[in-house]
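Notes to accompany the following structure.
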């Protein structure tokens with residue numbers, strides 16, 4: 001099934017969505033579409049879900065799966081991060097903002113409610129946005145990653161370092177060395 005939906009042709013029962021896409025499809029994050037030194041989509045992007053219709057309101061339940069190649073934010077180790085995202089959106093018919101109309105904040109329950117216009121709906125922007133929202137700010141090779149030693153840069157997951165350990169908070173070291181005249 002295509003991600004372009006003709007709303008007037010939607011049947012009463014939910015339609016299934018299943019797409020297997022190249023990483024170039026992710027045009028809203030262009031740095032993820034080509035191999036680079038930071039982070040990129042390693043394999044294809046799988047989209048699946050269902051789109052149901054109740055009157056003019058549409059219910060999109062989606063799932064995104066992919067594999068990102070990146071580095072751990074703590075230890076710098078190369079890693080593959082499996083992205084497995086699920087989301088649910090309510091799409092309601094609505095118009096564009098009227099000029100002079102004041103914007104209002106949405107209550108938390110309405111954050112999953114979006115608006116669409118016209119008889120044809122492209123689901124790609126909704127899936128792309130969810131992909132963007134579900135990529136973590138920091139990638140970790142494991143939740144208990146020990147990172148690197150700030151003194152010798154040893155990966156503490158693989159080896160222990162030979163640096164002298166100071167007691168107390170390192171940020172207060174300057175105060176410990178402070179000499180006061182009496």
Specify the residue that is farthest from the chain's Cα centre (by Cα); the eligible residues are those in the stretch 43-72 that are surrounded by fewer than 16 Cβ atoms within 10 Å (Cβ to Cβ) and in a loop (DSSP other than H, G, I, E, B). 55
Given the residues 50, 85, which is the only one that is at pLDDT 90 or above and touching a helix residue (DSSP H, G or I) at 6+ places or on another chain (Cβ under 6 Å)? 85
Hey, residue 20 at pLDDT 90 or above and loosely packed, with under 15 Cβ neighbours inside 10 Å or not: yes
Among (1) modelled with pLDDT under 90; (2) surrounded by 14 or more Cβ atoms within 10 Å (Cβ to Cβ), there is one condition residue 91 misses while meeting the rest; what is its number? (1)
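The values are calculated or read from the model by the stated rules, or taken from the named source; none is laboratory data. Source: prediction; values computed, not measured. Here the Cβ is made from the backbone with ideal geometry for all residues, glycine too, and neighbour counts use every protein chain on show.
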